[in-house]
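Trainee: Supplied in structure tokens, the structure appears directly below.
Just so you know, all these numbers are worked out from the coordinates, no wet-lab data involved. For clarity, every value in this text was computed on a predicted model and none was experimentally measured. Here the Cβ positions follow ideal geometry from the backbone for every residue, glycine too, while neighbour counts run over all protein chains shown.
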Amino acid sequence: MPSPPRLRIDAITRHFDGRDVVAGVSLEVAPGQVTCLLGPSGCGKSTTLRIVAGVDRQSSGRVLVGDRVVSGDGFHLAPERRGIGLMFQDFALFPHLSVGDNVAFGLNGGLRGNRRRVEDLLERVDLHGFIDTYPHQLSGGEQQRVALVRALAPRPAIMLMDEPFSGLDNRLRDDIRDRTLSLLKEENTSVLLVTHEPDEAMRMADEIALMRTGRIVQQGAPYHIYNNPVDRAAAAFFSDINVVRGISRGALTDTPFGQFLTPGHADGAAVEIVIRPQHLRIDFDRQGRGPGPTASDGVAARGIVERARFMGRESLVEFRMDYDASLLKATVPAVFLPRPGTPLWLTLRRDRCFVFPADRATGGL
């Protein structure tokens, strides 16, 4: 059996109303891989997906499935001839057809000729026995699973998914995402998933392509993207961040938390040291409650509690810092709710800090 084809997007550009909605996007999705186009609304990710699907045309560049050009070089293959499965936020089930007929809709021979395939797919998403049920009799999550197996029924080598879970409530969404990922992996389907939710990308993707203003600004495994953001905006897209500002002099920057190494930054250059709330530590040793900071944590700086909230699995504490009146946030496991006005000392986990030039860090997603 031949190996499944690789999806390749080669320097895709899409001009619209005098601007580049998509600007030189290149991407490959290997067989069996889930790749996520992640970014805010309007960044060009859905347009990229529509170009791959064939329902929109690029201004330049190519789309290839394996070695076959399906769009580009003056050629445009119709969407239904590309062998690509589509799954969107709108389930678009046919209300007048049963679940079985919906799943078999794109198969030669319909339900009569493919009943075993349909029953097998429905069983794998815990919908065995629903084959004669109609869409209006199903819950939202059940309809989502029917839409998934309908897209998979023709055994597409490549699946495109555009915000497919955004209409589901949070608890149901996690379950459906896990079921979907499991089934896609079983089918060895290559997936290009579009979402604006970092948690969804981290949960599902083997590789993330972070988009901003029509371009891919960073690409890699979820762990790499999260722990090695290309700039402040990339770090902020995945979580809340704290920013400590300073001036680099002689490859060192003085802060209230001690000196930081800032090589590669010119003397006098403004820099921003970014750290996530879970890596900002409360120095309980000064309160007589713990082992205190290590040498690698550097100097402690004092802040006054502004607000503390319990978030379910952790507590979020906001501090007004003595040194410049800036607001920093720290998360603490379990329940920790100090009263507003309480002075506490904070340290930074230096191994979890990112240093960016201030001029680059000001760009937004």
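Trainee: Please name which of GLY140, GLY109, SER41 has its Cα lying farthest along the dipole of the chain towards the positive end, using unit charges on Cβ (Lys, Arg +1; Asp, Glu -1) and the Cα centre as origin.
Mentor: SER41
Trainee: Moving on. Given that just one value was derived from the coordinates, which of (i) 1.16; (ii) 1.01; (iii) 1.21 is Cα Rg over 2.2 N^0.38 Å?
Mentor: It is the one labelled (iii).
Trainee: Taking the Cα centre of the chain as origin and charging only Cβ (+1 Lys, Arg; -1 Asp, Glu), how large is the dipole, in debye to the nearest 20? Can you show the working numbers first?
Mentor: Working: 45 positive and 44 negative charges, 31 e Å.
Here the chain has a charge dipole of around 140 debye.
Trainee: Moving on. Determine, at each q value in 0.09 (inverse angstroms), the log₁₀ of I(q)/I(0) that the Debye formula gives when each Cα of segment 239-361 is one equal point scatterer.
Mentor: -0.25
Trainee: A follow-up question, please. Percent relative contact order of the chain, based on C-alpha pairs within less than 8 angstrom and at least six residues apart?
Mentor: Computed value for the chain: 15 percent relative contact order.
Trainee: Along the positive direction of the dipole of segment 91-215 (beta-carbon charges: Lys, Arg +1; Asp, Glu -1; about the Cα centre), which of PRO156, ALA92, ASN188 reaches farthest?
Mentor: Working it through, the farthest residue towards the positive pole turns out to be PRO156.
Trainee: Report the Cα centroid-to-centroid distance between segment 301-324 and segment 177-212 in angstrom, as an integer.
Mentor: 34
Trainee: Something else now. Only sites in a loop by DSSP and with at most 15 other Cβ atoms within 10 Å count here; which chymotrypsin sites (Phe, Trp or Tyr not before Pro) in segment 24-114 make the cut?
Mentor: Those that pass, being in a loop and sparsely packed, are PHE105.
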